[in-house]
Amino acid sequence: MTDTAGRTPPASPAGSPPGGKPGQHGDPEDGRPPVAQAPPPVPPAAPARAEAPAVAEAPAVAEAPAVAGAPSPDERPAVAEEPAVVDAGWAPVAGGTRASDGASAPGGTPGTDGAPGPGDTPVAGGTPGAGGGAGGADAFDRDDLPVAEGATGRLLRSLLAPRRGRVVLAALLLLLQQAAVQAGPLLVAYAIDRAVPALRGGDHGPLVAVAAGYGVCAAGAGLFQYAFIRASARVNQDVLLDLRGRIFRHAQALSIDFHERYTSGRLISRSTTDVESLRELLGEGLQELIGVLLSFAFISVLLLWLDLGIGAVALASFLPLHLLVRVYRRRAAVAFSARSTAIAAVIVKFAETMNGIRPVRAFRRERTNDADFRALNHRHERRNGDAILEMARYVIGSRLVANTAVAAMVLWGAYRVASGTLALGVLAAAVLYMRRLYDPIDRLAMFLNSYQSAAASLEKIAGLLAQTPAVPEPAAPRTLPPTRSGTPGREIVFEGVRFGYRTGGEVLPRFDLTIPAGQTVAVVGSTGAGKSTLAKLLARFYDPSAGRVLLDGVDLRDLSVPELRRGVVMVTQEAFLFSGTVAENIAIGRPDATRAEIEQAAKAIGAHDFITGLPDGYDTDVRKRGGRISAGQRQLVAFARALLADPSVLILDEATSSLDVPGERAVQRAMDTVLEGRTAVIVAHRLSTVEIADRVLVMEGGRIVEDGPPAELVGGGGRFAGLHRAWRESLVG
């Protein structure tokens, strides 16, 4: 430990910390002066977001779950169980501190535990993470995640590939439907040139044959259309189900730093409005496209077969139409991308406001929020209007080309009919075919509309799916060795750990610490000392920039997520409860737990009495985020599920700060039971929690400046003694 002047005595032999407990840490006792630890280069602070910060908007971030370490039924809890908001708003930068608005404050006091504010993400070895390079933050701000060339097409093909057989069947049915439809004008030509002259001679057979053929074609077209709609609808629904599942699974697998930068509103937009755009394309747009392509193929061949000159005129008219489509696609791509971003901003604002409805009402933000939402709504209206205007321009242009081509064909054809070089029936059939060709081409605008909207949406979805977790799964995962001495606790070692957030300097310049198995360690210090960062590294919400965090000698990076969550559980300040019963929330870490085991955990933590007093006891639905019970009761449920998960290491990150005095006393009475035999790391501002610890670490500027048993540190003249005196005086006062 240090004296009140901050002078540090020589290091204890063999790396033992003061107080006689084994361990090592990065305090100046190791002979390495702090000034010698030059932090690696870190990218400059990201610019302020144009939209609301990610932490405030994401339900999974704004109210972090209490048991971050307990595996969910699908064993992918890393994202849904996030404590990132516990210490947000300040992160240190070189030469001072970074306030929540991004300004540097004079002095040298770091921010809130060095934890990231909105948009702050860890630096892995000084390199940007997902999002890429210096422009990564900008890409997140613009809702424009980088996408590799061809990624959108590969995504669509991967969605359709498992359903290749049904896609081929749907295309074949549409081909037959088009064949039945396109037979009509040929029957008209036959009726004019053959059936009518035969009828004048008293022969009714050709006319009856034409009528019967028309009826068969009409019935066949309707039957094939019905079968096509059924087949394509199955493909459509399966693709959307697959895509939504991919988005949900991938979002859960992404690391905490991604969710601190990418708002939940945008994720909602990806899985709703963007997926809906693909539904419109698959459900309606593709039918129009295939119909137009088949019509073009059928009609081009038939026109050339009927008359080479008429067919050549028809084909020549396709050139200006092709140029028109190219111009429309280029302009519409920009318009629909802007529209997709605008609607995402509306959803983000709506989600943020509803998630923060309490402070909105408390600080009378309704009018301000209404004005902001109105501005975003108007921006979406303008972007949507731009997209509609582009479609209108295409429709007008395509109709002008079509009408000009038909008029030219009729004039030239009439001249040839009058001169006897063209049959009237052939001209009539050609005009009908041209109308049948250009009417679908008019509807092609609807496909292009759906296509550009879906392309913009697929690009954003592909950008999301291209993001890789900053905390990846190991290629060859290891398992934890059996616990020693029959106790559940495991040894924790921080070995040469360095860590910093993306927009700030290093929070832990170099950190070494050993916590023996079964020891309860309290970590205290001023705001910004790095306490919560230490807890998040141990829970592997982030990986260190350098060094290793070991659990019984195994690097956390070598453990699979389920294996790690079985060994390490984190209880945070804000207990997140999911919709469902109290029993279901307690059993999140062990879905197979019996009712007796659930009740036993609740009794051990002191939650049984209040739970049985609820209307339906353990079967009471706590509703969204546990809104049916108080904050203190939610925290007790969080402690019960941590106990039921039975971890080797328990991290309490200011976990009792939301409890009232009776609730805190109830938890402290049960703490001996909860922590018995386990290794525990307690991050606390309330020093009443520290009294149960075997050892206290006082942190400052990412370093341990005092280390020892609570009684010894209280009796000394160091920082912890001062904190303890201030706490005692606050109780008396």
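The values are calculated or read from the model by the stated rules, or taken from the named source; none is laboratory data. A quick note: this is a predicted structure, and the numbers were derived from the prediction, not measured. All Cβ positions, even for glycine, are placed from backbone atoms using ideal geometry, and neighbour counts span all protein chains on display.
Observations, loosely collected:
- Positions within the range 288-303 being more than 15 Å from Leu173 (Cα to Cα) and free of Cβ contacts under 8 Å to residues at least 60 places away in the same chain, in sequence order: Ala297, Ser300, Val301
- Where a residue in the range 423-437 is in a helix (DSSP H, G or I) and its partner, wherever it lies, is among the aromatic types (Phe, Trp, Tyr), with Cβ under 8 Å and at least six apart: Gly425/Tyr190; Leu437/Phe296
- Exactly one residue out of Ala522, Ala455 is at pLDDT below 85 and buried (at least 20 other Cβ atoms within 10 Å of the Cβ): that is Ala455.
- Residue match in the range 277-286 (condition: at pLDDT 80 or above and surrounded by fewer than 17 Cβ atoms within 10 Å (Cβ to Cβ)): no
- Checking every residue in the range 212-232 against the condition of being of a type in the set (D, E, K, R) and under 30 Å from Arg279 (Cβ atoms) gives at least one match.
- Strands (runs of 3 or more DSSP E) wholly inside the range 669-733 containing at least 1 residues that are under 43 Å from the mean Cα position of the chain (by Cα), in contact (Cβ under 8 Å) with a residue 40 or more places away in the chain and under 26 Å from Ala607 (Cα atoms): 679-683
- Search result, residues across the range 369-392 that are surrounded by fewer than 16 Cβ atoms within 10 Å (Cβ to Cβ), among the basic types (Lys, Arg) and over 26 Å from Pro359 (Cα atoms): Arg382
- Output for the range 464-483, where each listed residue is within 12 Å of Val554 (Cα to Cα), within 31 Å of the chain's Cα centre (by Cα) and outside any strand (DSSP E or B): Pro477, Thr479, Leu480
- Per the listing Asp694, Asp672, Asp707, the residue uniquely charged (D, E, K, R), closer than 30 Å to Arg565 by Cβ and either buried (at least 20 other Cβ atoms within 10 Å of the Cβ) or not assigned by TED's automatic domain parsing to the domain that holds Glu563 (or both) is Asp707.
- The test for being crowded, with 17+ Cβ neighbours inside 10 Å, on the phi < 0 side of the Ramachandran plot and at pLDDT 90 or above does not hold for Phe248.
- Per-region count, the range 655-692, residues in contact with a strand residue (DSSP E or B) (Cβ under 6 Å, 6 or more places away or on another chain) and charged (D, E, K, R): 1
- For beta carbons closer than 6 Å, sequence separation of 6+ or different chains, a first residue in the range 506-526 that is in contact (Cβ under 8 Å) with a residue 12 or more places away in the chain and a second that is of a type in the set (Asp, Glu), the qualifying pairs are Pro516/Glu491; Ala517/Glu491; Gln519/Asp694; Thr520/Asp694; Gly525/Glu700.
- Close contacts from the range 592-612, counting a first residue that is on the phi > 0 side of the Ramachandran plot and a second that is part of a helix (DSSP H, G or I) and among the aliphatic types (A, V, I, L, M), with Cβ to Cβ under 7 Å and a gap of 6+ residues or different chains, come to Gly606/Leu636; Gly606/Ala666; Gly606/Val667; Gly606/Ala670.
- Counting only residues that are modelled with pLDDT under 90 and either outside any loop (DSSP other than H, G, I, E, B) or surrounded by fewer than 19 Cβ atoms within 10 Å (Cβ to Cβ) (or both), the range 484-498 holds 5 of them.
- Val301 passes every criterion in (1) closer than 30 Å to Gly425 by Cβ; (2) among the β-branched types (Val, Ile, Thr); (3) surrounded by 19 or more Cβ atoms within 10 Å (Cβ to Cβ); (4) at pLDDT 80 or above apart from (3).
- The one condition in (1) of a type outside the set (A, V, I, L, M, F, W, C); (2) more than 29 Å from the chain's Cα centre (by Cα); (3) farther than 16 Å from Ala539 by Cβ that Gly505 fails to fulfil: (2)
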